[in-house]
Every structure is written in C-alpha cells, then in structure tokens.
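Structure, as structure tokens:
The values are calculated or read from the model by the stated rules, or taken from the named source; none is laboratory data. Note that this is a predicted model, so its numbers are computed, not measured. Here the Cβ is made from the backbone with ideal geometry for all residues, glycine too, and neighbour counts use every protein chain on show. The accessibility values were calculated without ligands, DNA or RNA, using every heavy atom of the protein model including side chains. Shrake-Rupley method; radii C 1.70, N 1.55, O 1.52, S 1.80 Å.
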Amino acid sequence: RKRSWRTQHILALILSGTALLSSVLPLLLLGNRTAEFRWNAFSEGIYLEYSLLRGFLLAFAGGIMWFAAFLSTRWHRAGEHPGRYYAFLLLSEGGCAGCILSGDLTTLILSLVFASAGTLGMVLQNETERTKEAGISYFAMLALSFALLLLGGFLLEHAAGTLEWGEL
C-alpha cells in the first residue's frame, strides 16, 4: 500500500510539472508573435489562435491553477482510482486550454464539451450513490446548456455569417 501512495505522489508531481510546462511553453517559444492552427475535419473545423494575451492567460491563470490542482490531488480527491482521476483532470485541463485558445465559437463549444466531460468524470469517479445522483443532475444541466449554446451559435452564424471571433 505504501508503494502505491508513493507512485501516486510521483505521478501527481510529474503531471503537475507537465501542466505548468505545457501552459508556459507557448509563451516562451512564441512570445509576442501570433500563431493560428486550423483543422478542417468536418464542416466548421477547429480553429485555435495564439496571441500574447492568450499566452499570458494560458501560462499564468491556467498554468498556476492546473499546477495547484495536480498538487492538491496528491493528498486527497484521487481516492481509490488515482489513474482514472488524473485522466479526467488532464481531459479537463485540455478543454480549458482549448477554451483559452479558441478562435471561433465552434472550437469554444468543443473545448467546453471536453472540459465538462473531464469534470463529469471527476464527479462520478467515487462511484457512490450520492455521486451518481450528482452526476445525473450535472449531465442534465450540461445537456440543456450545450443545447442552448448550440442554438445561440446557429442563430449567430445565421445573423453574422461567421463564427470567428475576429470577424464578429
């Protein structure tokens, strides 16, 4: 049992350092330059933008927050299933980074879905009756909010003709 706790602490430290490095690295590499990434896998595609402001948000707000979140899970919250919990935490972190770097409303919605899926997994990971009830109500609220967000996105695209932040 001691060895599993030691392994859990080492995993939490490695993941917290990786979270901090992955959020600070774009700021160090790109600095004041702008960069964009487009992937047209379906009709709208994914559009990520990087700028200095987004780099600071990602590095300081996101990086410090995720570093603290991973470090705090060393002592509690991971429970009996630390590997599963860390996977959900990484999924939530990736979704939050996508929200910060999103270049259009479609990418923001997809990033929110990933962040919410990770959060839902963290809620359900203890597998008690109370967490299952909380997970069901959380899922119902998520479904309703994403349906309203998609409806608003469709209306916005119909009115403006685009969903990119720069053109709105």
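A few remarks follow.
- Answer label for volume of the Cα convex hull per residue in Å³ (calculated), chosen among [x] 186; [y] 118; [z] 130: [y]
- Spacing of the two label points (7 Å from each Cα toward its C-beta) at Met65 and Leu53, in nm: 1.7
- Between helix 129-160 and the chain: long-axis angle, C-alpha atoms, 0 to 90°, nearest 10: 10
- In this label model, Ala134 and Trp165 are separated by 3.1 nm, measuring between points 7 Å along each Cα→Cβ vector.
- Oblate is the label for segment 75-168, because a/c, from the alpha-carbon gyration tensor with a ≥ b ≥ c as root eigenvalues, is 1.5 or above and a/b does not exceed b/c.
- Accessible area per residue, Å², the chain with all protein chains present, probe 1.4 Å: 61
- From phi via Karplus (6.51, -1.76, 1.60), per-residue ³J(HN,Hα) for segment 26-39 in Hz, x at Gly/Pro: x, 5, 6, 7, 9, x, 8, 6, 9, 8, 9, 9, 10, 9
- Full-extension gain in nm, Leu148 to Leu29, via 0.36 nm per residue minus C-alpha separation: 39.1 nm
- Only DSSP H runs of four or more residues enter the estimate; each adds -39500 (n - 2.57), and after division by the residues of the chain the mean residue ellipticity at 222 nm equals -23500 deg cm²/dmol.
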